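The values are calculated or read from the model by the stated rules, or taken from the named source; none is laboratory data. For clarity, every value in this text was computed on a predicted model and none was experimentally measured. No Cβ is skipped: glycine too gets one built from the backbone with ideal geometry, and neighbour counts run over all protein chains shown.
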């Protein structure tokens, strides 16, 4: 009796959340089909993203694009059975790619430096593996390499990858460092590699590549837990010049290699079950920077300690939103989505604050932490708004990093899509201004507003960028001057609205008015005769032969007039009016969700696949992510509620195919996190959210100011998708609008759910 | 009468040296045939060496070495009539090559970015020019470009090249920046180039190349005196990846270019005789470093000011030795030689002391100034010993730079032949130890002696370097293990003696003895049966079929048993004894100077040409430079006197063909400077000089400690080549040995000359 009481007392004091939130994360979500996530190990927003590569096909074969490339944007596909090794940099969920730096692979037996071909076991250093040996959790990945009998375990700190390989007994154990392996690889991608073997346990070096990041440099420092007995390298390029190095046998035990195409190896004798550990630090400044990062972050050899610490970091980040759900799968889907919102932007500075600037000069972050990987066409929509709730301090660092980019930009422009000290110019718009306006509106940034406005203005007037000169001249982008002209016009108009908000904050009335005027440009590409946004020409009116279903050559990019043509978040009422009023508009929305798009329209469009389509609504890509919420303006908010619940069910799951398209650096996941909580930022840069239909039963959001935002539901169920009543801090909300000020200092949202609208 | 008196008074007070010493320098000396010097502008030991390129032939055509390449080690040949442009980095007098970075060329008319072919005017941007328009003096170069009617003038500060182009009236004036142009160029030499047009007068960027320096990076900042109206670039590589840059027209007015093969242009309107100036700063750390160098060194646009300042710097350096000569030509030859001793090592740090280390990390020189370009197999012989007299402070910087190289070397080795943060491993030996031992012996360095000894010991035990493992095992380098084995054995033995001197200074008796023992290794490759040094095998005795005249496959490199086989400076008496005594040895020396070497022996040997040969004595290359002085040990010092005077007359002049072989970074010129003053450092690392026969009438050497070394002659004349009597500080010297202590604090040397010995 006494005993029982004691136990119960303990129970009482145990945290309610007995199961760790990390246990609900399935890193394999999105690794099947086109999610383009990776299952490997990383710390939240970490520089090192250490993950297996299951493909080595080149991006181009004989000058022709290899369509397989797109599937391997993150280096991995769930159904593969071959692993080539583990490399240290990856994108999460992108639709174009790069990275895959520093592939490490342990092997046994006769040394083979060729990667080998899939389906041809022993043809190279790759290995077969069985799916049941593969495990992944936040900050940890494990697999058994069948061909060599090696167990591979990976963890990381922010800047250091940590490998633990358990070898069989062998006099021929190897660890290969393949410096030729790349994601989106092609002959010519490697620019230069430089390696020094500092002692029999330490190797440093760097690699320069070109590609999506045109001038990319990554430095490393690699430490082995055990001295290698022998090492060497092979150069694979057509060697044109060897100079006086020819006097050496550089292939074996010569401590300095450099060249365009190099693979290196390190040999060991191993006992049965002997573990060899490798710490692999990255830096973007120098090999000394990498060594410093290595010593600062992992000065010991305790793999399990790092694994536990990184797991605790994830637990901390995930616990910023504690949810109760209708079932365990929903919880898994939710925490996996939340996990995927923290894979990028990545930390992009050394432990001492040094980082590589856009101009390739080494700088020091002052008063902020520098980050890279800004997939802004995607992430301004919901990911940065999410950060403004659960990661405002870090989002301020992101904004500062974007301002630093502007300072360093020769174009004097904010980032479009930037990674690794490069602007890759991907997609359209100048959406940095949205991220900045959103942070300003929500009071999460301390940047200089005048400078921010100047940066935004410059970015919006970069004449040679994507039809802007003509946009300024004609008030819209003419299709004959610059393709994807409607998408551009719509996005520029929205971005201009965001700039107006920055000007407004500063009381700069004339700039505000100028940009508010620019924000109406969407009207110029609207054809009242068809009821669609349509491509307009510079010398005439609308382009003839218009097909609103077509995603090619109709003025849109990765979308059509249906699913891209409603992008006027800055003035939804005006758009609805322009398009014939609420009723007509609501019907138009219905049509989007119910009219099936024919295959021919989505062929040759990597970013739109059948998986992510509902009718003609494309959830697998970003331009329509706000569409389900537009019913809120038509008086049919119940349809928003119905649709978002349906999308959450159809387009997300906790399985490997749980993403219906590229996660796009976390935007797809951020959509889910917001929608599951019951609201969504249709207009970033404003202080309003549109209320949808929560999927969670309850959520407790810990804010950085120490306050809590509690979301509760009544009568929540699978069927009860309709929101009968919304109470925000005790007051009923009727317009389906939630204000940031109502949640920023904590609060209560109560959703009363029903199966009827 | 009064008037006359006044004029005379003025005369009296005028400095004796009315004519500037710079006026005696002819930078064209050595630019014809194989001197490999360049005529362009540079400051003493300057980082920027701005000089015309008269050839653009690739180093290899279809994988085959182009023999023309060797002629253009410095980018220029005197007889050429075509200039391709002016580039900013050059070697002076080397026998292999690299550099030629950042070629700038002004043109008019239709833009042509192709270099064009020699002999085909207007086939490219190159221009014809007439020799009579070409002028060169220390720190200045001028030429008229006939094809465009442009006068080009060049000057430099240490780190900044300064161009002044006087254009004709034209609406199509251009300045081309060719980033593909290289010395020793070949497809693949360019690794990467990166350029930013910061504003309409400022361009920054960098280039990475491979080649002799395997991993070389040079950064630049370029400023135009006038805004360009237009600019652009063309990429010449097979472009494999363009990413999202394809949305731009990057060819014109797009401010960021990067790629492997790029040529850029800047367009201007010019009035008749309008001058456009270009300041072009270099850095080895970053573009910001280059900008800093530019602003610090040339903050204005006054070309003539910089020209005058650099001329004054040269005047100051040249005036360290004021000579009177038998005729004006001798004075020109002397000051040109002295000029050529100050083309390298070059300053290799930014104005703030930052420089690129061997490991590619950026460092800061602390307590010294960092230099690069150490052609040590050449320069340890006479150039560094010369610095120990007239540039001891700078030589101390050189020694510190070599120690910094050691600190950064992954091999933990002192430099062999280093340039631009790279070890190129050229030639044989580990002669840094000689330079260090010489500086220690002469008290000109403040380096840590213990560290210096450790560095020297490591360098001499680098097993994988050039047969050292076998040298240590066998006591000589066996020819079957490592070719050029006799040369290596002889040089290692000498270097080991130098290391013994460092140990001796430290009182480290056991190391001294060990290295003294190693220094006797030369004995093991001497064949008493033939009287020659000969290649020995590891498993047997001497290699059979030996031809002492042959320069190929006989155990020597760039020499034969006659002219390379007497390299035992550390123990000449022992060598003479070993070779049969003074009389026999003296005859052997005579034979060297009088037996004609057949053509077949010097074919296929770039570094030995007919120009530099007297009998079988090769003055055009280094291994025999001490040979004329060896008569001093045979009792026939008069022959030394006769030979050195003869060599000075035959092998040097003040004309463009005034060097009989590669100047070898100044060693050939240093031989002349020493010999013309009457003495020579046969054994660097010792405190003794061998006395020869001065060519000058008198010399006043200003020492850095404020003292003067005065050299005077009596009865000096063309015929009076014999030294009848030598008085050093009033005391007669009979053994033909001058001690460093007798001159280091100033002194008097009087040579009494005669036409009889």
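Miscellaneous remarks
- The number of residues in the range A:482-492 that are part of a loop (DSSP other than H, G, I, E, B) and touching a helix residue (DSSP H, G or I) at 6+ places or on another chain (Cβ under 8 Å) comes to 1.
- The residue list A:449, A:453 contains one member that is more than 20 Å from the chain's Cα centre (by Cα) and either surrounded by fewer than 20 Cβ atoms within 10 Å (Cβ to Cβ) or within 14 Å of another protein chain (Cβ to nearest Cβ) (or both), which is A:449.
- Residues satisfying the stated conditions in the range A:460-481, i.e. in a loop (DSSP other than H, G, I, E, B), over 18 Å from residue A:523 (Cα atoms) and within 14 Å of chain B (Cβ to nearest Cβ): A:462, A:463, A:464, A:465, A:466, A:481
- Candidates are the residues of the range B:198-233 that are facing another protein chain (nearest Cβ under 8 Å) and without any contact (Cβ under 8 Å) to a residue 60 or more places away in the chain; the one that is farthest from residue B:259 (Cα to Cα) is B:198.
- Residue A:410 being within 14 Å of chain B (Cβ to nearest Cβ) and either in a helix (DSSP H, G or I) or at pLDDT 95 or above (or both): yes
- Residues of the range A:315-344 satisfying the condition of being under 14 Å from residue A:654 (Cα atoms) and touching a helix residue (DSSP H, G or I) at 6+ places or on another chain (Cβ under 6 Å): A:325, A:331, A:332, A:334, A:335, A:337, A:338, A:340
- Among the residues of the range A:168-185, at least one is on the phi < 0 side of the Ramachandran plot, within 32 Å of the chain's Cα centre (by Cα) and at pLDDT below 95.
- Among the candidates A:517, A:505, the residue that is away from chain B (no Cβ under 14 Å) and within 23 Å of residue A:405 (Cα to Cα) is uniquely A:505.
- The lone exception for residue A:641 - which of (1) more than 20 Å from the chain's Cα centre (by Cα); (2) modelled with pLDDT under 95 it fails: (2)
- Verdict on residue B:622 being on the phi < 0 side of the Ramachandran plot and out of contact with any strand residue (DSSP E or B) (no Cβ under 7 Å at 6 or more places or on another chain): yes
- Enumerated strands (runs of 3 or more DSSP E) restricted to the range B:202-318, each holding at least 2 residues that are over 15 Å from residue B:101 (Cβ atoms): B:216-224, B:230-235, B:256-259, B:262-270, B:274-283
- The range B:164-197: number of residues that are touching a strand residue (DSSP E or B) at 6+ places or on another chain (Cβ under 8 Å) and either farther than 29 Å from residue B:373 by Cβ or more than 10 Å from chain A (Cβ to nearest Cβ) (or both): 22
- Residues within the range B:646-672 that are surrounded by fewer than 24 Cβ atoms within 10 Å (Cβ to Cβ) and assigned to a helix (DSSP H, G or I), tallied: 5
- Residues satisfying the stated conditions in the range B:343-387, i.e. within 14 Å of chain A (Cβ to nearest Cβ), outside any strand (DSSP E or B) and touching a strand residue (DSSP E or B) at 6+ places or on another chain (Cβ under 8 Å): B:350, B:352, B:357, B:358, B:359, B:360, B:376, B:377
- Scanning the range A:493-549 for residues that are in contact with a strand residue (DSSP E or B) (Cβ under 7 Å, 6 or more places away or on another chain) and part of a strand (DSSP E or B) turns up A:526, A:527, A:533, A:536, A:542.
- Taking the listed residues B:261, B:275, the one that is in contact with a helix residue (DSSP H, G or I) (Cβ under 9 Å, 6 or more places away or on another chain) and more than 9 Å from chain A (Cβ to nearest Cβ) is B:275, with no other qualifying.
- Of the residues making up the range B:422-446, those that are in contact with a helix residue (DSSP H, G or I) (Cβ under 6 Å, 6 or more places away or on another chain) and within 14 Å of another protein chain (Cβ to nearest Cβ) number 7.
- Filtered residue count, the range B:102-132, keeping only those that are part of a loop (DSSP other than H, G, I, E, B) and either within 14 Å of chain A (Cβ to nearest Cβ) or surrounded by fewer than 23 Cβ atoms within 10 Å (Cβ to Cβ) (or both): 17
- Within the range B:590-614, the set of residues being in a loop (DSSP other than H, G, I, E, B) and either loosely packed, with under 13 Cβ neighbours inside 10 Å or more than 21 Å from the chain's Cα centre (by Cα) (or both) comprises B:595, B:596, B:597, B:598, B:603, B:604.
- Qualifying positions in the range A:62-82 - in contact (Cβ under 8 Å) with a residue 40 or more places away in the chain, in contact with a strand residue (DSSP E or B) (Cβ under 9 Å, 6 or more places away or on another chain) and under 27 Å from residue A:373 (Cα atoms): A:69, A:72, A:74, A:75, A:76
- From the list A:418, A:434, the one residue that fits, being modelled with pLDDT of 95 or more, under 28 Å from residue A:484 (Cβ atoms) and in a strand (DSSP E or B), is A:418.
- Taking the range A:674-719 as the region of interest, the strands (runs of 3 or more DSSP E) fully inside it that hold 1 or more residues being over 30 Å from residue A:567 (Cα atoms) are A:698-702, A:708-714.
- Residues that are out of contact with any strand residue (DSSP E or B) (no Cβ under 8 Å at 6 or more places or on another chain) and farther than 22 Å from residue A:175 by Cα, drawn from the range A:198-229: A:211
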